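Please read the structure below before turning to the comments.
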Amino acid sequence: MAIQKDRVRFNVGGKIFETTGTTLAIAGRESYFAAMFDENWDLQMNPAGEYFIDRNPDCFSILLDLLRTGELYIPPNVPEKQLYREALFYGLTDHVRSAKWGQFDGNRLQPLKSVTGRAPGDGTAIRASPDGGCCVAHGSMVHIYDWMLEEHPPINLDYQRVNDAGWVGSGDPAGLVISTCERVGRGQGGMGLFNSTTGELRYKYSVTHEGIVKSYTAGALCFNDGYNLFSSCKGRSNEYGIGVWDQNTGQQVDFFYEPPGWSLGDADKLQWLNGSNCLLVATLFPRKDNCYISLLDFRSKSMVWSWSDMWSPANSDDRRVRDAIAMEENNSICVVNEFEDLGFMDLRRESGSVRWSSRSRLMKGKMPDEPCYPKLALHEGQLFSSMNDCISVFYGSDWVLTSRLRRCFGGSICDFSIGGDRLFALHSEENVFDIWETPPSSIV
Amino acid sequence: MSSQKKANFQIEAFKHRVVVDPKYAEKTWKILEHAIHEIYNHNASGLSFEELYRNAYNMVLHKFGEKLYSGLVSTMTSHLKEIAVSIEASQGALFLEELDRKWTEHNKALQMIRDILMYMDRTFIPSTHKTPVHELGLNLWRDNIVHTIKIQMRLKDTLLELVQKERAGEVINRGLMRNVVKMLMDLGSSVYQEDFEKPFLVVSADFYRGESQLFIESCDCGDYLKKAEKRLNEEIERVSHYLDAKSEVKITNVVEKEMIESQMNRLVHMENSGLVNMLMDDKYEDLGRMYNLFRRVPNGLSLIRDVMTSHIRETGKQLVTDPDRLKDPVDFVQRLLDERDKHDKIITLSFNNDKMFQNALNSSFEYFINLNTRSPEFISLFVDDKLRKGLKGVSEEDVEIVLDKVMMLFRYLQEKDIFEKYYKQHLAKRLLSNKSVSEDAERSLILKLKTECGYQFTSKLEGMFTDMKTSDDTMKGFYAAMGSELGDGPMLVVHVLTTGSWPTQSTTACNLPSEILTVCDKFKMYYLGTHSGRRLTWQTNMGSADIKATFGRGQKHELNVSTFQMCVLMLFNNGDGLSYREIEQATEILTSDLKRCLQSLACAKGKNVLRKEPMSKDIGEDDTFFFNDKFSSKFYKVKIGTVVAQKESEPEKQETRQRVEEDRKPQIEAAIVRIMKARRVLDHNNIVAEVTKQLQSRFLPNPVVIKKRIESLIEREFLERDKDDRKLYRYLA
C-alpha cells in the first residue's frame, strides 16, 4: 500500500473528514482503505479534492476515531448493530472487537447484557466460542450467537437430545461439534460437526468397533492442541469408553475402552492436560452411584492416576463430588461438592484422598428450591465456581475468594463457560444467559 | 355466523418480503463485469474504486453473493482462455516471455479484483466454504493456461530444454526461468512438482547416466571426481538461482546416484588412478574430494574404508614379514611409524578426521603388527635406541612426540607382556651402563605405560630407578666411612639391585682380580653391616670397568671394558702370551661369554688391545693371546664394547619366549580363579571368553593354554567338573 500524499480528505455521505494515510494504514491490509490505496488503482478525487464514500458519516466518524485513538466510543444515538455493520463494510470488525472489551480478568468482569432465549428453563450447556460468541444447547436445539450477540439460524437435531457442544478451529466461522444421545432403533446419534453460520452438518464422527460402524451416545467433549477431539461414548454393546477423532478429517484415531469396574463412557467431564499429555475423565454422581476420576495416557493406553469415592463410602452424602478440574501448575485436581466446598487432591500421589477446605457451611439449609450442581472452570490461574445464582472467583496459592458475579434474575446458574475473553452464564429457571466481559484497560 | 353462510372471502397472504428489483442484481453485476474487463484490458484508470466496492458489497448484502461469485468465475475464465490463445500463438523463444508477461498482468488484475470483492472475500466466501478470490484466480490460471494441452507440454519441454542448454554451457535467461518456475510454485507445490520437478528429475537422471558412462570410459579417477563435483555444484547453484529450494535434495540425489553411486566401485578400483594409487601417492586433494562425494551416497564411505583397510593390511603385512627388514629393528619400527603417520595425515587432511577411518587404521595396524611375533621386541629396541642416543639434543616436546608415537604402536600389541620383558632388559642395560640420555624421558615413558596398563605393569620398572638412586647414596656412604682404609686401590662403584625388579640372569660368577676382590669384600662388609639380613651376589656379567693401560711406545689410553674383559686384561699384567685354556682357567668365565669378550678384545678393528695367534676372525679353543704393543688409537679413551647381538639370537629368543609363557601361567590361573570366585559355575567357553577379556590388556592368551590351566586347577582342587554336565566347572571354596 502506497499512500502518496499523507493528507487524505473523505466525503462520507456528504460529510467531510480529513485524516492522514498513516492513520488509515492502522486499518491493515484486509481493510477497505488498504484496497482503495492499492497502487494499481488510479484513484480519482472529486473536483473538491475529496474521495467520496457512500456510507453513514456518523459511524465513519466513530471508526475513524477508533483508528486514530485505538479506543471505541459509541455515542448513545448510534445503535451498536449499525456500527458493527459499517465496521464489516470497512473490514474493521477486528479493530472494533478488540477495542470493545479487554483481556479477560475474572476480578474485573462487568455485566454486558442478559440475553433471553426462546423457552424457559432446562438449558443443557452453554459454550463460549473463541471469537466471543456462544452457543446454548437446549433439548435437541442448539442456538448460536455471534460476538455481536446476533442469533444465527439454530441447529435442530431432530429430537436427539444434545449432551455437549464445543467449538473447533479459530476460522471464521468456527465449526461447532455437537454430541447427542443415541436414538434407539434409528441408528442415529453420536457427534457431528456443524457450520456455525449456516447450521449445516459438515460431517459425522463415527465409532468403529472391529471394523463395523456402531451407533452410540456421545457425552462430554474435549479438544486438544494436536487437533484431536475426545468424547465419552456409550455404544450398543461393547463401545463404552473414550473415543478420539481427528478434528480436521473426522476420522476416528483411537478408542480407550472402559476397564471393568470403572466408568469412562458415562463421563460428565473431560479435560486435556497439555503438560502431561493426559486426559482427565470424571464420571460424577448421579450418572453413576459413585464418582470416578482418572487420568488416561493414550500413548501407553494406561490409566496413570485414578480416584473413586467408592473407596470411602462412609457418610459421603454431603461430600459428593459434583465437578472436578485438574490444575496442572499446582499438580492437583480441584473438586466441588453441592455446598460449594472446594476439595483438592494431589496428582503426584496415587489414590490420594480429598482435602476439603470447608468454606461455606452457611449455605446448608438455605438451598434454593431448584438447586443446580456447582461447576468449575479455570482460566489463567483463576478458579471459577458457580453456585446457585452466582459465580465465585478464586485466586492465589490458597484460592482466596476474590470476586463474586451475580445477576438477580433467571434463577440458579446451571452452566457457564469462558472463551473469547468473555464469560457466559446460563440460568436454569428462565432461558437467560448473561455475558460478562472485562472493560478495555484505560489508556490514560 | 351461521354455518350455511358460505364465507366467500379469501385472506390474502400477507407478503412482507421486499423484493429487490430483479434487474438490480443484473445491472450491478454488469457494472462489475465491465470493470473486470477493463482491468484485464489495462483500462482501469476510468474505474471508481468506491463505486465498485459498494456494488460488490450490495450484491452480497442482498443475497446475490452466489451470482457475484459465479459471475467472477466465468468472466475470469473467459479472459484466461483468450490469454491462453495469445500465449499459444507466441513464436519459439518468445513463448516463455509471453507467459511470464501475461502472468504478471494476471496477478495485477487479480489483486485489483480482490480489492473490489474484498467484502465478498470476507463474509460470503468463508460462510459458504468457497475458494477465496486470490486462490481462485490462481486455480483458474492453472486450469486454463498451465494445464491446457498445448501449453503444458510446451512449457515443460521449453524449461527442460533451457536447463539442458545451460548444462551444455550456454547462457540462458535465468531471470525469466526464475519467474516462470516461481509461477509454478505459486500455483501450488503439486503443480511445480508434477509439471516441472518430476520430468526434470527424470531427464536429469538420463543425462547424468549418459555422462557418467562417458566420463568413466575417458577419465581417470581423479578427473572423474572433479567433474562429478563440478556437476553437483552446478545443480546446487541452479536450484539457488531459479528452482524451489526443496528441489536441491532431490536433484543432488539424482547426481549422486547416477554419477557416484552407480560408478563408485569402478572408480575406487580404477587401474593406476583408483583409491590405492591415491593413497600411495598421497593425493590429499583427490582423496578429500572422494571422501566428500562418497559420503553423500549410501555405503560410499564404507567402500573407501574397506579398500583402504585391505591396502594398509597388505602393505603392513609385507613390511612386517619382509626378512630384510628384520635385520634392523630400529628401521623396522621407524617404517611402521612412517606408515602410520602417512595414513594419519591422509585421514586428517582428506577424510575430515572421520572416526570410522581412524578406527579402520587402528584395526589394520593391530592386525599386521601382531603378525610378526618379534614386534614387541623391536619396539622395545626402538625405544632403547632412541633413549640411548636418538634423542640427544632433541627438545622435550619432540621427545614426547616420539614417545607418544611409540605408545601408539604399543597399544596395537597383543602381547604386551613380552614387550615388558624386553623393555625391562633394555632398561636394565641402559641404567647399569649409564647409557640413558635423559632420565626425564625414561620416566615419561614409564608414566605413559602406567596410564596405559596400570600400576602393576610398571612397578618393577620404577623399582629399578629406585635401586639406582639408593645405590648412589650407598656408595657415598661407603666412601665416607671406609675411604681412608681403601688407599689408592681401584675405585669401586656398586649398584645394589633388588632381586625380582631386575631381569634375572643366571649368575655366572668369575674370578675377580685380587685388587678388585679386596675392595669388593670391604664393600660387602660395609653393606651387610648397615643392612642386616641381606644377601649380596655379584653380577659380574652386568658390570663394566675403566682401566688405564700403557702400550709399547709409551702411549697411554683409558680402556672402557666390561667386567669380564677387565678380568682378562688384568691377567696380562703378569705375563704375556696366554692360551685360551689358561685364560679360561684363571677367570672361570663361561665359554660363550669368554669367547665373546675375547673376540671384542682381539678381533675388533681399532680396538684390538690383544693380539691373537693364529690371526682369524673367530676364537678357537687352541688360540693364544698376546698383549698388543702396537695398539694405537687417536682417542685417549677407548671403548671396547662386547660383541653382543643387539637383537636377540635365536636361542635367546626361545628362552625369553619360554620365560614369558611361564610367567603367563600364574596370571591365567589367577584370572580363572577370580572369575570363578565371582561366578561360582561357568561353562568352558565362557571361562575362555572372560579370561581373554580380562587379560587382553597384557596379552592374548591361547585357549589351549587356558584349558591346561583349568585342568591344573582341577587337580589342585580349586575347581571341579559338574557331575551332570561335563562342560560346566564349579568353584570350590
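Some points to look at:
- Taking the listed residues B:GLY175, B:GLY210, the one that is in a helix (DSSP H, G or I), over 44 Å from the mean Cα position of the chain (by Cα) and either away from every other protein chain (no Cβ under 14 Å) or not hydrophobic (A, V, I, L, M, F, W, C) (or both) is B:GLY175, with no other qualifying.
- Test set (1) away from chain B (no Cβ under 11 Å); (2) out of contact with any Pro (no Cβ under 9 Å at 6 or more places or on another chain); (3) assigned to a loop (DSSP other than H, G, I, E, B); (4) not polar (S, T, N, Q) - A:GLU71 fails condition number: (2)
- Picking from residues in region B:476-493 that are of a type outside the set (Gly, Ala, Ser) and in a helix (DSSP H, G or I), the one that is nearest to B:TYR527 (Cα to Cα) is B:PHE478.
- Check on A:GLY139, under 25 Å from A:LEU423 (Cα atoms), surrounded by fewer than 21 Cβ atoms within 10 Å (Cβ to Cβ) and within 14 Å of chain B (Cβ to nearest Cβ): no
- Number of residues in region B:547-573 that are assigned to a helix (DSSP H, G or I), of a type in the set (A, V, I, L, M, F, W, C) and surrounded by fewer than 21 Cβ atoms within 10 Å (Cβ to Cβ) equals 2.
- Selected residue (criterion: farthest from A:GLY91 (Cα to Cα)) from residues of region B:127-142 that are more than 10 Å from chain A (Cβ to nearest Cβ), outside any helix (DSSP H, G or I) and without any contact (Cβ under 8 Å) to a residue 24 or more places away in the chain: B:THR131
- Here region A:1-27 is the region considered, the condition is being of a type in the set (Gly, Ala, Ser) and at pLDDT 90 or above, and the residue that is farthest from B:ILE39 (Cα to Cα) is A:GLY14.
- Residues located in region B:525-558, provided they are modelled with pLDDT of 80 or more and hydrophobic (A, V, I, L, M, F, W, C): B:MET525, B:LEU528, B:LEU536, B:TRP538, B:ALA545, B:ILE547, B:ALA549, B:PHE551
- Count of residues meeting criterion [surrounded by fewer than 17 Cβ atoms within 10 Å (Cβ to Cβ) and either over 15 Å from B:PHE365 (Cβ atoms) or aromatic (Phe, Trp, Tyr) (or both)] in region B:300-344: 10
- Elements of the type helices (runs of 4 or more DSSP H) sitting completely within region B:21-126 and holding at least 3 residues that are within 14 Å of chain A (Cβ to nearest Cβ): these cover B:22-40, B:49-61, B:94-116.
- Looking across region A:51-75, the residues that are of a type in the set (Ser, Thr, Tyr) and in contact (Cβ under 8 Å) with a residue 40 or more places away in the chain come down to A:TYR51, A:SER61, A:THR69.
- One residue stands out among those in region A:31-57 that are in a loop (DSSP other than H, G, I, E, B), at the interface with chain B (Cβ under 7 Å from one of its Cβ atoms) and touching a helix residue (DSSP H, G or I) at 6+ places or on another chain (Cβ under 7 Å): the one that is modelled with the highest pLDDT, which is A:ASP54.
- Given (1) over 30 Å from B:LYS150 (Cβ atoms); (2) in a helix (DSSP H, G or I); (3) in contact with an Asp or Glu (Cβ under 8 Å, 6 or more places away or on another chain), index of the condition B:MET270 fails: (2)
- Candidates B:GLU82, B:GLU105, B:GLU98: the one that is in contact (Cβ under 8 Å) with a residue 40 or more places away in the chain and under 27 Å from B:GLN152 (Cα atoms) is B:GLU105.
- Residue within region A:199-220 that is of a type in the set (D, E, K, R), away from chain B (no Cβ under 14 Å) and surrounded by 22 or more Cβ atoms within 10 Å (Cβ to Cβ) present: no
- Yes/no for A:LEU88 being touching a Lys or Arg at 6+ places or on another chain (Cβ under 9 Å), among the aliphatic types (A, V, I, L, M), more than 13 Å from chain B (Cβ to nearest Cβ) and crowded, with 16+ Cβ neighbours inside 10 Å: no
- Only a single criterion out of (1) surrounded by fewer than 21 Cβ atoms within 10 Å (Cβ to Cβ); (2) touching a residue at least 24 places away in the same chain (Cβ under 8 Å) is not satisfied by A:LEU229, namely (1).
- If the condition is being exposed (fewer than 11 other Cβ atoms within 10 Å of the Cβ), outside any loop (DSSP other than H, G, I, E, B) and modelled with pLDDT of 80 or more, then region B:606-651 contributes only B:LYS637.
- From the list B:ASP306, B:ASP282, the lone residue that is in a helix (DSSP H, G or I) and farther than 13 Å from B:LEU225 by Cβ is B:ASP306.
- Set side by side, the residues B:LEU326, B:LEU301, B:LEU337 differ, and just one is at pLDDT below 90, in contact with a helix residue (DSSP H, G or I) (Cβ under 9 Å, 6 or more places away or on another chain) and in a helix (DSSP H, G or I), which is B:LEU326.
- Restricting region A:169-189 to residues that are at pLDDT 75 or above and farther than 17 Å from B:THR128 by Cα, the residue that is nearest to the other protein chains (Cβ to nearest Cβ): A:VAL177
The values are calculated or read from the model by the stated rules, or taken from the named source; none is laboratory data. Everything numeric in this text was worked out from a predicted model, so none of it was measured. As a convention, Cβ positions derive from the backbone with ideal geometry for all residues, glycine included, and neighbour counts pool all protein chains shown.
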